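Report on the structure given below.
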Amino acid sequence: MELFKSIKMLAIGLAFLTWEGNVKNSSHSQIPLSLSLSLYLQTFYVKMFWPDSTVYQPPRLYLASKNTSKTTKPPPLWNSLPQELANLTSLLYWPQTPGDGKDLLASTSPQTSTYHLRGPGQATYVLGDHLEAILVARDHRGKPKTHGGDLFQARLLGPELRAGAPGDVKDLENGTYLLSFPLLWAGRAQVQVRLIHSSEAVGVLRRIWRENQATVNFRGYFRGMKGTEEIVICNADPHATGTKGSTCQYRDVVSGELWFCAKPPTLPCSSLVGHSSGSYLKVTTHEEDALLAWNVTDKLLPEGISPFLISPQATGNIGNMTLPPRQPCHPGLRSPKPSGFYYQNKWHSLSCSARSFSSVDSILDCLAGHVVHMMGDSTLRQWWEYLQDTVPSLKPINLHSVYQVGPLMAVETSRGIVLHWRAHSWPLRSPRTPVAALHSVARELDIMVGGPHTVVVFGLGAHFTTFPPSIFRRRLAGIRAAVMALLAREPHTLVVIKLANTGYKSVYGSDWLTLQVNRMLRASFADLPVAFVDAWEMTSSLAVPDNIHPGRLIVQNEVDVLLSFICPS
C-alpha cells in the first residue's frame with residue numbers, strides 16, 4: 001500500500017512540475033512531451049491501482065469484534081426480494097407438533113400407518129383420470145394421530161414400463177392425508193408411500209434449522225510472509241466460529257454477504273489463503289437421535305392399494321401416455337404439479353415439449369456456439385461430467401484447480417462450445433482449496449456479458465441445509481439482483497435454475513430441509529424469465545436407490561431438460 005501511495009505521489013508531483021514548466025515554455029499548437037509523460041504516468045496509476053469492479057477482486061477484509069453481526073446492516077439487495085421471501089413464516093409454513101415431541105412411541109410409525117382408496121376400488125382405471133387415497137398416520141402403539149406435520153412421499157410406479165410419477169400429499173392437519181395421483185400412462189401401476197420423517201422428527205429439524213447458527217463449521221488457513229500457518233474455525237455467523245475473542249469479517253464486494261473466521265493468534269485477517277470443511281456439530285439429544293434413526297426414517301408403509309391396470313381408452317391421448325398440448329420450452333413457464341413423469345426411463349415434462357438428446361450429434365448441434373456457465377454444488381457438477389463423458393470431442397482443460405471446487409472447463413473447438421463449472425462460494429464443504437478460487441454466483445453474474453449464446457445454470461441447496469433460512473435468503477437476494485441486472489443488459493441470456501435433489505436423510509441434510517430450500521429457491525425467481533429444472537421430482541419419481549448424487553439415468557434426463565431450453569425445436 002505504501003508503494004502504491006509513493007507511485008501516486010510521484011505521478012502527481014511530476015505532473016505538477018511538468019505542467020508548471022510547460023505553462024512558461026509551451027506553445028498553444030501542441031502538447032509538450034513532458035506533459036504527455038505526466039499524463040501517461042497518471043493514467044498508468046489509475047489503470048493499475050484503482051479498483052476495477054469488472055475484474056474479480058478478493059473479499060474485502062477487516063477485523064471486526066465478535067458482536068459485529070448485531071450491528072452489521074443487511075445488504076441493500078434484500079430489497080429486491082419478492083414478497084413471498086420477505087415473509088418466511090408464511091412461505092415455510094408447516095404444521096406444529098404439540099407437546100415436547102420426544103416420546104418415540106408416540107411418534108408416527110411407518111409400520112402402523114395405513115392408506116386406502118378414497119371411494120370404491122376398480123379393477124381398471126382410465127388414462128388421464130386421477131386416483132385418490134386417504135392416509136391415516138398412527139403412532140408406534142397403533143393409535144391414530146390427531147395432528148399433521150409428517151413428511152410422507154407418495155409416487156405411482158409402473159415397474160414393467162420403467163415409469164414413475166410423483167403423487168401429491170395434502171396434509172389435512174388432523175392425522176390424515178389426501179394422496180392424489182394423475183394416471184399418465186397406460187399399463188400396470190402401483191402406489192408406493194414412504195414415511196420420510198415423522199412430525200416429531202420434523203419438529204427436531206425445524207427447531208435446529210431455525211435456532212442454531214450452524215450445524216457444521218469450516219476451517220480457515222492463514223499464512224504469513226515467512227510461511228507460518230495458522231488454522232482457525234470459520235462460519236457464516238460470528239458466534240458459530242467458537243471464539244470468545246475477535247473475529248475476521250469478510251464481505252462479498254457484490255452481494256454484501258458476510259463470512260467470519262476466528263482471528264488467528266498472530267497473523268492478520270488479510271492473510272487468509274485457504275478454506276476447507278470442518279466438523280459436524282453435535283446438535284441433537286439422545287431422544288432426538290431416536291426420532292431421526294434409520295429404522296424410522298425413509299421407510300415404506302405396508303401396501304394399501306393392490307396394483308391395478310390403466311386402460312388407454314381415452315380421447316386426446318398420445319400413444320400410451322396422456323400429454324396435454326404443450327409449447328416449446330422457454331423461460332418464464334409456470335410449472336404444473338406434477339412437473340412431469342417417467343415413461344420408458346424418459347422424463348416427460350408436463351409444462352413444455354422437452355426433447356430427447358440421445359445421440360452425440362444431437363448434443364453437439366444444440367450446444368454449438370454456446371458458452372455454458374454452471375455454478376453450484378456437486379449435483380450440478382454431475383451435469384458437466386455427463387456432457388464431458390458423453391461427448392468425446394469435448395476436451396477438458398486442466399486449470400490445475402481443486403476438482404471438487406473448480407473451476408472446470410471443457411471445450412469443443414470445431415463447434416465453438418465452452419462448458420464451465422465452478423462451486424458456489426462459502427458455505428462450501430470441500431477439501432482444502434485456495435480462497436481465491438471461491439467466487440460467489442452473484443459476482444460471476446456481475447461480470448458476465450451475457451447474450452443469446454450465453455447459458456447460465458446455477459443449482460443451490462445441499463450446502464445450505466446446515467444453516468438457518470436467513471442465510472439462504474441473503475444468498476438468494478444477491479443472486480436475484482445479479483440475475484435481474486444480467487437480463488436487463490442482455491435479455492436474450494438463458495438463465496436456468498436447477499432445484500435441489502432429494503437424497504439426504506439426516507439432521508445435517510434432510511429431505512424436509514431440502515424441501516424448504518426449494519420453496520425459497522422457486523419463490524425467489526418465480527416472477528423472472530428464467531427456466532427451472534425440477535430435480536426434486538426427477539430424483540424421487542423412479543424406483544431407484546435414493547442418492548443425493550443420482551445415477552446416470554436421472555442425470556441424463558436432467559441434462560435433456562436443460563438442452564430443451566437451449567434448443568426448444
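The values are calculated or read from the model by the stated rules, or taken from the named source; none is laboratory data. Worth saying up front: this structure is predicted, and the values here are computed from it rather than measured. Glycine also receives a Cβ, built like all others from the backbone with ideal geometry; neighbour counts cover every protein chain displayed. Accessible surface is based on the protein model in full, side chains and every heavy atom, while ligands, DNA and RNA are left aside. Shrake-Rupley method; radii C 1.70, N 1.55, O 1.52, S 1.80 Å.
Given a 1.4 Å probe, how much area per residue of the stretch 457-553 is accessible, in Å²?
For the stretch 457-553, the per-residue accessible area is 27 Å².
Over the stretch 458-569, what relative contact order in percent results from Cα pairs under 8 Å that are six or more residues apart?
On the way: 111 pairs, mean separation 34.1, N = 112.
Relative contact order of the stretch 458-569: 30 percent.
Among 487-497, 468-478, how do they line up by average Cβ neighbours within 10 Å per residue, starting with the highest?
Per-residue mean Cβ counts within 10 Å order the peptides as 468-478, 487-497.
Hey, any idea what % of the stretch 359-464's accessible area is carbon plus sulfur with a 1.4 Å probe? Intermediate results must be reported in sequence, preceding the final value.
Values: 2080 of 3580 Å².
Percent of accessible area from carbon and sulfur atoms in the stretch 359-464: 58.
Using only the Cα atoms of the stretch 308-369, each taken as one equal point scatterer with no solvent, compute I(q) by the Debye sum, divide by I(0), and report log10 of the ratio at q = 0.12, 0.21, 0.24, 0.28 Å⁻¹.
-0.41, -1.01, -1.15, -1.26
Place a +1 charge on the Cβ of each Lys and Arg in the stretch 403-457 and a -1 charge on the Cβ of each Asp and Glu, then give the dipole magnitude about the Cα centre in debye, rounded to the nearest 20.
Details: 5 positive and 3 negative charges, 41 e Å.
Dipole about the Cα centre, nearest 20: 200 debye.
Which cross-chain or sequence-distant (5 or more) residues have an amide H under 5 Å from the amide H of Ile310, H modelled 1.01 Å from N in plane?
Counting only residues 5 or more places away or on other chains, the set is Tyr125, Gly187, Arg188, Ala189.
Over every pair of different alpha-carbon atoms in the stretch 473-569, take the mean of 1/r and invert it; report that Kirkwood radius in Å.
14.7 Å
Quote the charge dipole size of the stretch 122-234 about the Cα centre in Debye, to the nearest 20; the model charges only the Cβ of Lys and Arg (+1) and of Asp and Glu (-1).
340 debye
Name the residues whose placed amide hydrogens come within less than 5 Å of the amide hydrogen of Arg138, ignoring near sequence neighbours (fewer than 5 apart) on the same chain.
Ser109, Ser113, Thr114, Lys145
Using +1 at the Cβ of each Lys and Arg and -1 at the Cβ of each Asp and Glu in the stretch 340-496, identify which of Ile363, Thr390, Val435 lies farthest towards the dipole's positive end.
The residue sitting most towards the positive pole is Val435.
For a 22 Å ceiling on Cα separation, which of these pairs sit above it: Lys170/Lys299; Lys145/Lys299; Lys102/Lys145; Lys299/Lys505; Lys145/Lys170; Lys145/Lys282? Intermediate values should be presented prior to the final figure.
Numbers: Lys170/Lys299 19 Å; Lys145/Lys299 18 Å; Lys102/Lys145 15 Å; Lys299/Lys505 11 Å; Lys145/Lys170 15 Å; Lys145/Lys282 30 Å.
Those over the limit are Lys145/Lys282.
If we restrict to alpha carbons, what Rg and Dmax does the stretch 85-196 come to, in Å?
For the stretch 85-196, the Cα-based Rg and Dmax read 16.1, 49 Å.
Give me the percent of the accessible area of the stretch 117-179 that comes from carbon and sulfur atoms, probe 1.4 Å, all protein chains in place. Mind showing how you got there, number by number?
On the way: 1390 of 2840 Å².
Carbon plus sulfur share of accessible area: 49 percent.
Roughly to the nearest percent, how much of the accessible area of the stretch 486-547 is carbon and sulfur, given a 1.4 Å probe?
Values: 1060 of 1830 Å².
That share works out to 58 percent.
Could you name the aspartates and glutamates in cross-link range of Lys244, using Cα to Cα under 18 Å and dropping any fewer than eight places away on the same chain?
Glu230
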